[in-house]
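Here the structure comes first, spelled out in structure tokens, and everything after it is commentary.
A short reminder: the numbers here are calculations on the coordinates, not readings from a lab. Here the structure is a predicted model, which is why all the values come from computation and not from measurement. Neighbour counts are summed over all protein chains in view; Cβ atoms, including those assigned to glycine, are modelled from backbone coordinates with ideal geometry.
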Amino acid sequence: MKKVSLRPGKERSLLKRHPWVFESSIARGGGDSGETVRVESADGQFLAWAAFSPKSLIRLRAWSFDEAERIDAGFFQRRIEQAIAMRARLAIASDAWRLIHGEADGLPGLVVDRYGDTLVAQFGSAGAERWKTVIADALLAATGLTRLYERSDAQAREWEGLPVHTGWLRGDGATALTIREHEWQLTLDVAEGHKTGYYLDQRDSRSRFADAVKQYGVKTVLNCFSYTGGFSVAALAGGATQVVSVDSSGPALERAKAHVALNGFAANRHEAWDADVNATLRRCLQEGRRFDAIVLDPPKFAPTAAHAERAARAYKDINRLAFMLLNDGGLLYTFSCSGGISPDLFHKIVAGAGLDAGVDGYIVERLSAAADHPQTVCFPEGDYLKGLGILKR
Ligand code: SAH
């Protein structure tokens, strides 16, 4: 077994069961891409079994902090079964959910979503890549399913020095699927959609939004960064009479339109604008358009903490414009999925946006990723998705 020794003092984060070790913390040792190594402190104390990522700034990702544990097929089987058991205890209002959420499930770099009878996996670290066959077999054995599609095309692959790979790993057939979320039918394509096909993490926020639309009697909605219109369907279900979906992806908007019809809502209650959100917000302001509710669910502006400052300005700008476009008593549902922006910082950014817009509001909701995207105590980076529901005063 190869060994990696850390610099003095650099053992602290592993001792706190945080699974990452950065390149700068390593004194000596290494391994092949994804190889399991024994990690030791400067004075030779065992810290973790970890996967070695020779190309990544995150050089080690811990599989286990238990010296007696062996990283083998049985290990992956146990972790996968544990993750599945955790989801079985949640009341998930869908037949699609996140089965494995990387670090939070003790499987750094591995993401697996389940859409009905189809699994979709992202192998986002050298360690996950190395154990791909074992993981694929364990996933099918633990779920009893036969179809597993690989979507290893996320940015993290590049940072790990791994090539993009997509396609069926197990089974085959149609990649176009229909799922149920709350009372709604939604479609996706696991080969072509964003991430693994759909943004499952916003499931709970979509139903909270539907409830709020109903409760506050919202009629007009601007759904910014709509993707395939999840929040638009929610708005229509809540009783909104006019909903606009804005996104820069034409195919996503085509699907949003199809979702309106699929869920039995009249086509004339929905418009799809293929446009840049920033430009759209400014145009609406110029034209004097106002809305009863606005959703802002932008892509990750800050992939890491290093991008936080620029991202903060971008978040502030769209939130400021949204505040100005809201009718009095209107609702803003605003999100950030940037790991580099803490919930606290996000709140401050939104407060600054309100101040600039001359608008105050009541915080009526604090939102985060649905519980099948768990956060763990030892891994604060897992708190990536945060949102506020604000009622304009
Ligand atoms: N709210 C969606 C998920 C949004 S993901 C849901 O509930 O499913 C972010 C979306 O923003 C993507 O669909 C992407 O195409 C879109 N996007 C990214 N930059 C954009 C821009 N500048 N203007 C408009 N849309 C943009």
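Equivalent ellipsoid semi-axes for the range 270-316, as square roots of 5 times the alpha carbon gyration tensor eigenvalues: give them largest first, rounded to whole Å. All intermediate terms of the calculation are to be shown ahead of the outcome.
Values: eigenvalues 129, 29, 19 Å².
Taking √(5λ) for each Cα gyration eigenvalue gives 25, 12, 10 Å.
Taking a cut-off of 17 Å, what percent of all Cα-Cα pairs in the range 40-107 are separated by more than that?
On the way: 1245 of 2278 pairs.
Roughly 55 percent, rounded to a whole number.
Restricting the calculation to Cα atoms, every distinct pair contributes to the Kirkwood radius of the range 13-67, found to be 11.0 Å. Entry for the range 303-393 at q = 0.10, 0.14, 0.15, 0.23 Å⁻¹: log10 I(q)/I(0) = -0.26, -0.50, -0.56, -1.12, Debye formula applied to identical alpha-carbon scatterers, no solvent contribution. The ellipsoid that matches the Cα gyration tensor of the chain has semi-axes, each √(5λ) in whole angstrom, of 39, 25, 17, with the longest given first.
For the chain, the longest principal axis of the Cα atoms and the long axis of helix 277-287 meet at an angle of about 10 degrees.
The charge dipole of the range 1-151, taken about the Cα centre with unit charges on the Cβ atoms of Lys, Arg (+1) and Asp, Glu (-1), comes to about 360 debye, rounded to the nearest 20. Compare Leu90, Leu253, Leu262 in a GNM of the chain, Cα atoms joined below 10 Å, and give the one with the largest fluctuation. Most flexible of the set in this elastic network: Leu90.
In which sequence would Leu331, Leu162 go, from the one with the fewest C-beta neighbours within 10 Å to the one with the most? Provide the component values of the computation, followed by the final result.
Working: Leu331 25, Leu162 22.
Going from sparsest to densest Cβ surroundings: Leu162, Leu331.
Here Lys257 is the anchor, and the lysines within straight C-alpha reach of less than 19 Å, apart from those fewer than 8 places off in the same chain, are Lys219. Among Gly161, Gly124, Gly193, the largest mean-square fluctuation in a Gaussian network model of the chain (Cα springs under 10 Å) belongs to Gly161. From the cross-link list Lys16/Lys348; Lys3/Lys195; Lys10/Lys300; Lys2/Lys55; Lys316/Lys386, which pairs have alpha carbons spaced over 25 Å apart? Over 25 Å Cα-Cα: Lys16/Lys348; Lys3/Lys195; Lys10/Lys300. Placing a label point 7 Å from the Cα of Asp172 along the Cα-to-Cβ direction, the residues of the range 183-207 whose backbone N falls under 17 Å from that point are 191. Relative to the dominant Cα principal axis of the chain, helix 308-325 is inclined by about 20°. Of Arg283, Arg170, Arg38, the residue with the greatest mean-square motion in the GNM of the chain, using alpha carbon springs below 10 Å, is Arg283. Express the relative contact order of the chain as a whole percentage, based on alpha carbon pairs under 8 Å and six or more residues apart in sequence. Contact order relative to length: 11 percent.
Expressed in whole Å with the largest first, what are the equivalent ellipsoid semi-axes of the range 186-322 derived from the C-alpha gyration tensor as the square root of 5 times each eigenvalue?
On the way: eigenvalues 102, 75, 41 Å².
Equivalent ellipsoid of the range 186-322: 23, 19, 14 Å, largest first.
Using all pairs of distinct alpha-carbon atoms, the Kirkwood hydrodynamic radius of the range 1-138 works out to 15.5 angstrom. Given a cut-off of 15 Å, what percent of all Cα-Cα pairs of the range 178-259 lie beyond it? Every Cα pair in the range 178-259 considered, those over 15 Å come to 53 percent. Helix 132-143 and the long axis of the chain differ in direction by around 60°, with both axes built from C-alpha atoms. Dimensions of the range 97-223 based on its C-alpha atoms, expressed as ranges along the principal axes with the largest first, amount to 53, 30, 25 Å.
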